[in-house]
Amino acid sequence: MNINIYDILKKGEGISVEFKCAKNKLPKNLFDTVCAFLNRNGGTILLGVADNGTIEGVDAEAVQQMKKDIANLSNNPQKLFPAFLFDVQDIEFEGKCLIHFFVPASSQVHTCNGKVYDRSVDGDFILKSGEQIKSLYIRKSHLYSENTIYPFLYETDFVPGIVEKVRKIIKINRPDHPWNDLSDIDFFKVAGLYRKDITTDTEGFTMAALLLFGKDHVIMGAIPHYKVDALLRIKDLDRYDDRENVKCNLIDAYDRLMAFVAKHLPDKFYLQGDMRISLREKIFREIVANMLVHREYTNAYPSSFVIYRDRVETKNANKPHLYGKLLPDNFEPFPKNPHIIQIFTQIGRSEELGTGVKNVYKYTKAYSGKENIEFDEKDVFIAQVPLGHIFTDKKIDVTDNVTDVTDNVTDATDNVTDNVTDSRESQIIKIIQENNRISLTQLAKKLSVTRMTIIRDLESMKGKGIIRREGGAKNGYWKI
């Protein structure tokens with residue numbers, strides 16, 4: 001994660017930045033600020049920094065315990081209610097240890113030790129009157145449609161196994177995650193997907209839960225305009241060369257859109273340090289995730305993901321926080337659907353708020369040779385990522401699924417073969433993360449290849465040290 005401490009220090013304390021001294025234990029009022037940020041517009045917290053911006057540091061021996069304490073307290077409803085999890089990072093800066101975490105604005109009203117806190121330029125303050133608290137609830141309900149409660153939405157309306165799948169991915173990604181030991185209903189409550197509105201006394205699953213887990217027909221019954229149109233327009237600009245009409249839950253929608261990306265956009269050989277990474281995945285996982293998690297789902301404007309010869313363009317219904325162009329160094333991240341975002345973050349499909357835009361800028365020049373990226377926040381959010389020469393290079397055939405376009409490699413056939421294999425290896429890893437006991441036949445069916453191809457891929461991945469087989473053929477499992 002790219003965290004610019006200089007920028008945070010330069011900005012100084014204010015409505016969205018808080019410094020706290022913390023030598024070897026958490027400050028007593030830390031969660032007052034956490035609660036206030038959740039209830040207002042979100043903000044950044046730096047531990048180990050004095051109010052005036054002086055770097056004091058955190059004892060290196062205490063860092064891990066303090067991070068663990070933050071995780072435990074943020075998941076303790078006696079301390080913070082509703083609970084909310086954060087991505088806490090320790091950073092070395094000017095030879096000293098600091099602890100950093102970003103607190104997004106929440107779609108719910110939170111309390112700390114039973115008190116409701118709000119944020120102003122002067123710091124945190126307690127809301128004492130019923131009118132103040134009621135106003136906060138009303139403001140939240142107007143801002144966040146994902147909080148809409150459906151009293152007659154039940155777990156039987158969710159895709160079978162999808163909640164278990166999500167929880168399993170969280171457990172694989174973070175074995176010590178505080179959600180892992182919760183029952184399903186407690187998981188829904190802690191994740192903000194099942195709630196009670198004290199202003200109306202209505203209780204039930206929310207729109208966020210429906211969108212994340214719902215069966216297709218149930219989603220369409222509640223949100224009939226919901227869909228994402230994925231189009232390829234390389235030859236036929238009036239209509240399309242290929243189309244994927246996505247009307248499923250957001251968990252499966254992400255997979256289908258990323259498969260569309262892998263089908264039609266080439267990848268490129270790229271080394272970060274001594275490790276090969278997929279530029280295509282780095283860029284478009286952010287574009288796809290942002291489309292899904294930041295959309296205003298009460299707006300009937302159609303959502304689209306279109307691959308043109310020179311660019312990828314997405315359009316999305318939006319409830320803008322600010323109007324204008326978003327640049328990596330001059331915008332305040334603001335979540336449109338905080339609970340949907342939180343689930344995507346916990347399963348590794350999106351990063352900390354604001355990091356996605358920076359990643360797109362960071363990797364696009366290496367991918368396409370162009371920097372004319374656009375994120376335009378209006379009532380319709382438009383994102384454009386340039387593709388440069390990708391579809392004009394004579395070595396590229398747009399009917400190929402994936403092609404390696406590196407300048408220093410001349411054998412186009414070998415390039416295609418290598419990249420198809422790399423793309424499939426990434427898919428194999430994701431499938432194994434979800435089901436590490438999957439059979440060769442099932443893998444081949446999921447990836448639409450022969451069983452022998454899967455055997456070759458697995459042997460290659462074992463040779464690279466990516467995976468290994470534990471146990472026998474019948475009772476064993478794959479380990480990443």
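Each reported figure results from applying straightforward, stated rules to the coordinates on display, with no laboratory input. Model, not experiment: these values are computed from the prediction. Note that we place each Cβ from the backbone using ideal geometry, even for glycine, and neighbour counts take in every protein chain shown.
Please give the net charge around Asp51, taking every other residue with its beta carbon less than 14 angstrom from that of Asp51, where Lys and Arg add +1 and Asp and Glu add -1.
Numbers: positive: Lys11, Lys20; negative: Glu13, Glu18, Glu56, Asp122, Asp124.
Around Asp51, the charge tally is -3.
What is the ratio of the Cα radius of gyration of the range 145-277 to 2.2 N^0.38 Å, where N is its residue count, to two decimals?
Values: Rg = 18.8 Å, N = 133, 2.2 N^0.38 = 14.1 Å.
It is 1.33.
Kindly provide the helix-only [θ] at 222 nm of the chain, computed as the sum of -39,500 (n - 2.57) over DSSP H runs of four or more divided by all residues, to the nearest 500 deg cm²/dmol?
Counting only the DSSP helices, I get -11000 deg cm²/dmol.
Would you kindly derive the ³J(HN,Hα) couplings of the range 64-80 from the backbone phi angles with the Karplus curve 6.51 cos²θ - 1.76 cosθ + 1.60 (θ = phi - 60°), listing them in order in whole Hz, with x for Gly and Pro?
Going residue by residue, I get 5, 5, 5, 5, 5, 5, 4, 4, 5, 5, 5, 9, 9, x, 6, 8, 10 Hz, with x marking Gly and Pro.
Just from the alpha-carbon atoms, what are the Rg and Dmax of the chain in angstroms?
23.3, 72
By how many degrees, 0 to 90 and rounded to 10, does the Cα axis of helix 30-39 deviate from the longest principal axis of the chain?
Rounded to the nearest ten degrees, it is 70.
Could I have the simple spin-label model distance between Lys171 and Asn52, label points 7 Å from Cα toward Cβ, reported in nm to one decimal?
Modelled inter-label distance: 5.2 nm.
Scan the range 32-103 for trypsin sites (Lys or Arg not before Pro) in coil per DSSP, keeping those whose Cβ has at most 10 other Cβ atoms within 10 Å, and list them by number.
Numbers: sites: Arg40, Lys67, Lys68, Lys79, Lys96; in loops: Arg40, Lys79.
Here no trypsin sites (Lys or Arg not before Pro) fit, given the DSSP loop and packing criteria.
Considering only the other residues whose Cβ falls under 13 Å of the Cβ of Lys196, what net charge follows from Lys and Arg at +1 and Asp and Glu at -1? Don't skip to the answer; put the middle values down first.
On the way: positive: Lys189, Arg195; negative: Asp197, Asp201, Glu203.
The answer is -1.
Specify the angular offset, from 0 to 90 degrees and rounded to the nearest 10, of the alpha carbon long axis of helix 412-434 from the longest principal axis of the alpha carbons in the chain.
40
If I model a spin label at Lys10 and Thr441 as a point 7 Å from the Cα along the Cα→Cβ vector, what separation in nanometres do I get?
Going by the 7 Å Cα→Cβ label model, 6.2 nm.
With a cap of 13 neighbouring Cβ atoms within 10 Å, and only residues DSSP puts in a loop, list the trypsin sites (Lys or Arg not before Pro) found in the range 105-145.
Details: sites: Lys115, Arg119, Lys128, Lys134, Arg139, Lys140; in loops: Lys128.
Those satisfying the criteria are Lys128.
For Thr450 and Lys325, what is the calculated FRET efficiency with R₀ set at 56 Å and r taken between the beta-carbons, to the nearest 0.05?
Details: r = 48 Å, r/R0 = 0.86.
The calculated FRET efficiency here is 0.70.
Take the cross-link list Lys168/Lys189; Lys11/Lys319; Lys165/Lys430; Lys67/Lys128 and give me the ones stretching past 20 Å between alpha-carbons. Before the final figure, lay out the partial values.
Values: Lys168/Lys189 18 Å; Lys11/Lys319 26 Å; Lys165/Lys430 12 Å; Lys67/Lys128 31 Å.
Over 20 Å Cα-Cα: Lys11/Lys319; Lys67/Lys128.
Roughly what angle does helix 250-264 make with the longest principal axis of the chain, taking Cα atoms, 0 to 90 degrees, to the nearest 10?
40
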